[in-house]
Amino acid sequence: MGGSIAILAAAPKTFFADLNARTFLIMNPAAGRGGIRASLPAIREAFASRGVTEFQETTTAGEEAILAQRAIAAGAKILVAVGGDGTCSQIANAIVASDSSCALAVVPAGTGNDFAKTIGVQRCRPEQIAELISRVTPSRIDVGSIDGRYFLNSCGFGFDASVLDASNRVTFLKGDAVYIYSALKQLFSYKGLEVSADRIGPRHLGRMLMVTVSNGRYLGGAFRIAPHASVTDGKLDVCFFNDSNVFQRVRLFAGALRGAHLGLPSVRSGAVSELTLTFSTAPAMELDGELRVARSPKVRLTCVPQVLSVIAAPGVLR
């Protein structure tokens with residue numbers, strides 16, 4: 001978004017010109033493997049110069065949701081997530097669970113920044129985000145739901161969850177390279193998983209490399225895993241990746257980087273408002289960049305339409 005300042009200058013001033021106490025920043029110093037920490041003073045200054053004085057830093061994992069709940073109770077109209085997809089997801093969960101009209105804005109500072117890409121702010125500097133908040137009316141988007149949690153980007157089972165687990169142990173890389181490196185290693189060792197589904201194709205799908213259920217288009221920063229997904233269509237985009245030999249896995253990997261995998265014979269996809277997946281045991285899953293374990297072998301995923309307000313770059317959400 002190199003031209004975002006020019007775009008914003010032309011946008012009508014329809015939201016809060018005076019940000020002040022209506023806006024709360026929730027900052028995760030551990031985001032981007034701690035790379036954001038040195039930038040926090042400059043981020044504070046970018047918002048303070050526009051009258052924002054409410055800043056909170058997380059000290060433990062998952063504290064974003066607690067801080068968001070407190071800010072909403074204190075009358076926040078905008079919550080700014082300074083962090084990655086996990087930070088955005090935690091704050092979004094607090095907003096949706098509280099049935100609040102509070103809007104979510106993002107200063108991208110994570111490893112993949114998939115949600116920042118979805119709303120078109122992945123290259124915006126903090127001062128540009130502050131300007132965006134002051135000039136743009138919030139948009140309403142869908143979220144996904146599973147096991148009492150909401151997700152903004154994706155929920156992945158199998159290879160996706162295994163790669164995330166492996167990436168958490170990679171300390172010598174940053175950004176998209178972390179997930180790409182981890183995925184390449186897992187291509188040769190991951191064993192696959194058995195899954196059945198109630199909406200797409202035959203009920204028993206057999207051994208899968210991966211199943212992804214996406215609200216947004218991106219996964220792991222570098223992958224366009226659901227190239228046709230929209231956060232405003234009331235649907236989740238599902239992809240089933242048949243397990244195969246290493247050669248076919250590499251082909252899938254290369255296709256997913258470009259968003260060209262949907263045409264491969266080993267991939268089945270579709271858009272659904274809800275879906276039930278059944279595994280042999282409660283599966284590990286990637287949920288907005290965080291690793292979790294499902295409550296049971298049978299998981300139900302649903303799209304919750306138009307439930308979250310977000311500050312997006314002009315023209316990105318249609």
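The values are calculated or read from the model by the stated rules, or taken from the named source; none is laboratory data. Every value quoted in this text rests on a predicted model; they were computed, and no experiment measured them. So basically every Cβ, Gly included, is an ideal-geometry build from the backbone, and we count neighbours across all protein chains shown.
Tabulated results
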{"item": "Complete set of residues in region 77-114 that are in contact with a Phe, Trp or Tyr (Cβ under 8 Å, 6 or more places away or on another chain) and of a type in the set (A, V, I, L, M)", "result": "78, 79, 80, 92, 96, 97, 106"}
{"item": "Matching residues in region 111-133 - criterion: being in contact with a Ser or Thr (Cβ under 7 Å, 6 or more places away or on another chain) and not β-branched (Val, Ile, Thr)", "result": "124, 128"}
{"item": "Neighbours by Cβ (under 8 Å, 6+ apart or cross-chain): first from region 46-64, on the phi < 0 side of the Ramachandran plot; second among the hydroxyl-bearing types (Ser, Thr, Tyr) and part of a helix (DSSP H, G or I)", "result": "50/134; 58/87; 64/87"}
{"item": "Given (1) part of a strand (DSSP E or B); (2) crowded, with 17+ Cβ neighbours inside 10 Å, index of the condition residue 300 fails", "result": "(2)"}
{"item": "Some residue of region 180-200 being among the polar types (S, T, N, Q), part of a strand (DSSP E or B) and under 13 Å from residue 156 (Cβ atoms)", "result": "no"}
{"item": "Some residue of region 155-163 being out of contact with any helix residue (DSSP H, G or I) (no Cβ under 8 Å at 6 or more places or on another chain), farther than 16 Å from residue 218 by Cα and not assigned by TED's automatic domain parsing to the domain that holds residue 212", "result": "no"}
{"item": "Given (1) farther than 20 Å from residue 229 by Cα; (2) at pLDDT 95 or above, number of the condition residue 152 does not satisfy", "result": "(1)"}
{"item": "Condition broken by residue 85, with the remaining ones in (1) touching a Ser or Thr at 6+ places or on another chain (Cβ under 9 Å); (2) of a type in the set (Asp, Glu); (3) more than 15 Å from residue 58 (Cβ to Cβ) satisfied", "result": "(3)"}
{"item": "Test: residue in region 250-264 that is at pLDDT below 90, more than 22 Å from residue 228 (Cα to Cα), outside any loop (DSSP other than H, G, I, E, B) and not hydrophobic (A, V, I, L, M, F, W, C)", "result": "no"}
{"item": "Some residue of region 154-167 being in a loop (DSSP other than H, G, I, E, B), without any contact (Cβ under 8 Å) to a residue 40 or more places away in the chain and surrounded by fewer than 22 Cβ atoms within 10 Å (Cβ to Cβ)", "result": "no"}
{"item": "Helices (runs of 4 or more DSSP H) enclosed by region 82-143 - at least 1 residues per element that are over 13 Å from the mean Cα position of the chain (by Cα) and surrounded by fewer than 24 Cβ atoms within 10 Å (Cβ to Cβ)", "result": "85-97, 126-135"}
